[in-house]
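Undergrad: The structure's right below; bear with me while I get my questions together.
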Amino acid sequence: TQLLEQSPQFLSIQEGENLTVYCNSSSVFSSLQWYRQEPGEGPVLLVTVVTGGEVKKLKRLTFQFGDARKDSSLHITAAQPGDTGLYLCAGPTQGGSEKLVFGKGTKLTVNP
Amino acid sequence: EPEVTQTPSHQVTQMGQEVILRCVPISNHLYFYWYRQILGQKVEFLVSFYNNEISEKSEIFDDQFSVERPDGSNFTLKIRSTKLEDSAMYFCASSGGLLLPQHFGDGTRLSIL
């Protein structure tokens with residue numbers, strides 16, 4: 001069974017600080033997707049990383065896919081209260097399955 | 001930007017009753033999915049649907065569950081005889097192709113009494 005472990009589970013920081021959250025697995029993924037979910041809403045897709053070693057930037061968010069395609073990280077620069085939310089990583093299971101397996105998420109709180 | 005819409009946002013049902021959750025996927029998408037998220041737990045895959053048939057389902061998706069695309073725009077999840085443990089957020093998702101990113105709706109909170 002492919003599992004995605006996210007760390008830390010909770011993170012509370014002050015506005016303006018930088019942070020990195022992690023998504024790790026012992027399995028290789030063909031791609032990983034990062035979502036952000038707010039209370040009472042569905043996951044909103046932020047980015048998909050496909051190639052090992054790939055780095056993608058979305059304004060103050062930088063996503064990296066590990067060389068071996070077993071892990072990914074999300075770095076936020078100068079966090080703002082609007083970044084508060086649950087950050088989820090997800091990836092398709094092996095063998096061309098359409099099924100996404102999700103991590104449990106990192107709950108980020110950015111205090112003003 | 002096109003989005004997946006789900007109705008109702010909250011459904012309260014007595015145990016043993018049938019419930020139908022509705023979804024309108026993004027209009028040019030071909031692959032449709034249902035996931036659920038029990039409070040405090042991970043988002044879990046239930047079923048995928050393509051070309052008017054189930055393409056994959058999880059062990060959660062037993063005989064009590066069914067999906068249907070009754071017309072060109074709606075995609076439904078039916079639970080025939082609800083149980084207390086069916087209480088969860090149910091998310092519909094769609095994608096434009098196999099292994100392309102899946103886009104999620106805001107979910108239906110199902111509460112079984």
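Undergrad: What percentage of the solvent-accessible surface of segment B:1-50, computed with a 1.4 Å probe over protein heavy atoms, is contributed by carbon and sulfur atoms? Walk me through the numbers on the way to the answer.
TA: Values: 1320 of 2690 Å².
C and S atoms contribute 49 percent here.
Undergrad: Across peptide A:40-47, what mean number of C-beta atoms from other chains lies inside 10 Å of a residue's C-beta?
TA: 6
Undergrad: Also, quick follow-up: Given a cut-off of under 8 Å on Cα pairs at least six residues apart, what relative contact order in percent is computed for segment A:3-95? Present the calculation step by step, with values, prior to reporting the outcome.
TA: Details: 194 pairs, mean separation 33.1, N = 93.
Answer for segment A:3-95 is 36 percent.
Undergrad: Need the per-residue list for segment B:40-59: every residue with at least 40 Å² less accessible surface in the complex of protein chains than in the chain by itself, probe 1.4 Å, sorted by number.
TA: Buried-area filter returns B:Lys42, B:Val43, B:Phe45, B:Glu56.
Undergrad: Which whole-number value in Å² is the accessible area per residue of the protein assembly as shown, probe 1.4 Å? Display every interim value, and only then the final one.
TA: Details: 10920 Å² over 225 residues.
Here the residues of the protein assembly as shown average 49 Å² of exposed surface.
Undergrad: A further question follows. Around B:Met15, with a cut-off of 12 angstrom between Cβ atoms, what is the net charge of the other residues, counting Lys and Arg +1 and Asp and Glu -1? If you can, show how the numbers build up before the last one.
TA: Numbers: positive: B:Lys83; negative: B:Glu18, B:Glu85, B:Asp86.
Computed value for this residue: -2.
Undergrad: For a Förster distance of 25 Å, can you work out the FRET efficiency between the beta-carbons of A:Ser7 and B:Glu59, rounded to the nearest 0.05?
TA: 0.35
Undergrad: Moving to a separate point now. Relative to the present Cα-Cα distance, how much length would full extension add between A:Thr109 and A:Gln14 at 0.36 nm per residue of separation? List each step's numbers first, then the result.
TA: Numbers: separation 95, 0.36 × 95 = 34.20 nm, distance 0.84 nm.
Once the chain is fully extended between A:Thr109 and A:Gln14, it gains 33.4 nm.
Undergrad: Kindly provide the trypsin sites (Lys or Arg not before Pro) of segment A:1-60 that DSSP labels as loop, not H, G, I, E or B, and whose Cβ sees at most 12 other Cβ atoms within 10 Å.
TA: Values: sites: A:Arg36, A:Lys56, A:Lys57, A:Lys59, A:Arg60; in loops: A:Lys59, A:Arg60.
Answer in residue order: A:Lys59.
Undergrad: Further, regarding this structure: Taking 0.36 nm per intervening residue step and subtracting the Cα-Cα distance, what contour gain separates A:Lys57 from A:Glu38 on full extension? Walk me through the numbers before you get to the answer.
TA: Working: separation 19, 0.36 × 19 = 6.84 nm, distance 2.11 nm.
Length difference between fully extended and current span is 4.7 nm.
Undergrad: Then there is this: What three numbers, in Å, describe the spread of the alpha carbons of segment B:1-43 along their principal axes, ordered from the longest?
TA: Its Cα atoms span 36, 23, 18 Å along the three principal axes.
Undergrad: Turning to a different aspect of this structure: How many partner chain Cβ atoms sit within 10 Å of a residue's Cβ in peptide A:100-110, on average, as a whole number? The partial results should precede the final answer.
TA: Working: counts 11, 4, 7, 2, 4, 2, 0, 0, 0, 0, 0.
Mean shielding count: 3.
Undergrad: Same structure, new question: Expressed in nm², what is the orientationally averaged projection area of the convex hull enclosing the Cα positions of chain B? Let's see the in-between values first.
TA: Details: hull surface 27.1 nm².
Average of the hull's projected areas for chain B equals 6.8 nm².
Undergrad: Separate question: Could you grab the relative contact order for chain B? Cα pairs under 8 Å, six or more apart, rounded to a whole percent. Write down the numbers at each step before the final one.
TA: Numbers: 275 pairs, mean separation 43.6, N = 113.
Averaging sequence separation for qualifying contacts and normalising by length gives 39 percent for chain B.
Undergrad: Okay, next question. Just the number: Rg to Rh for segment A:1-55, Cα atoms, Kirkwood Rh, two decimals.
TA: Details: Rg = 13.3 Å, Rh = 13.5 Å.
Dividing the radius of gyration by the Kirkwood radius yields 0.99.
Undergrad: In the structure displayed, which of A:Lys57/B:Lys78; A:Lys59/B:Lys78; A:Lys99/B:Lys83; A:Lys56/B:Lys78 lie more than 31 Å apart, Cα to Cα?
TA: Listed pairs above 31 Å: A:Lys57/B:Lys78; A:Lys59/B:Lys78; A:Lys56/B:Lys78.
Undergrad: Say R0 is 35 Å: what FRET efficiency, to the nearest 0.05, do A:Val28 and B:Leu30 get from their beta-carbon distance? Numbers along the way, then the final one.
TA: Working: r = 27 Å, r/R0 = 0.76.
For R0 = 35 Å, the calculated efficiency reads 0.85.
Undergrad: Subtracting the Cα-Cα distance from 0.36 nm times the residue separation, let me have the gained length for B:His10 to B:Ser81 in nm, one decimal.
TA: Numbers: separation 71, 0.36 × 71 = 25.56 nm, distance 1.78 nm.
Using 0.36 nm per residue and subtracting the Cα-Cα distance, I get 23.8 nm.
Undergrad: Total accessible area buried between chains B and A, 1.4 Å probe, in Å² to the nearest 100? Write down the numbers at each step before the final one.
TA: Details: alone 6600 and 6100 Å², together 10920 Å².
Heavy-atom accessible area buried at this interface is about 1800 Å².
Undergrad: In terms of the ratio Rg/(2.2 N^0.38 Å) built on C-alpha atoms, what value belongs to the protein assembly as shown?
TA: On the way: Rg = 17.6 Å, N = 225, 2.2 N^0.38 = 17.2 Å.
Here the Cα radius of gyration is 1.02 times the empirical estimate.
The values are calculated or read from the model by the stated rules, or taken from the named source; none is laboratory data. Every value quoted in this text rests on a predicted model; they were computed, and no experiment measured them. Because the Cβ atoms are built from the backbone with ideal geometry, glycine has one as well, and the counts that use them run over all protein chains shown. To get the accessible areas, we keep the full protein, side chains included, count just its heavy atoms, and leave off ligands, DNA and RNA. Shrake-Rupley method; radii C 1.70, N 1.55, O 1.52, S 1.80 Å.
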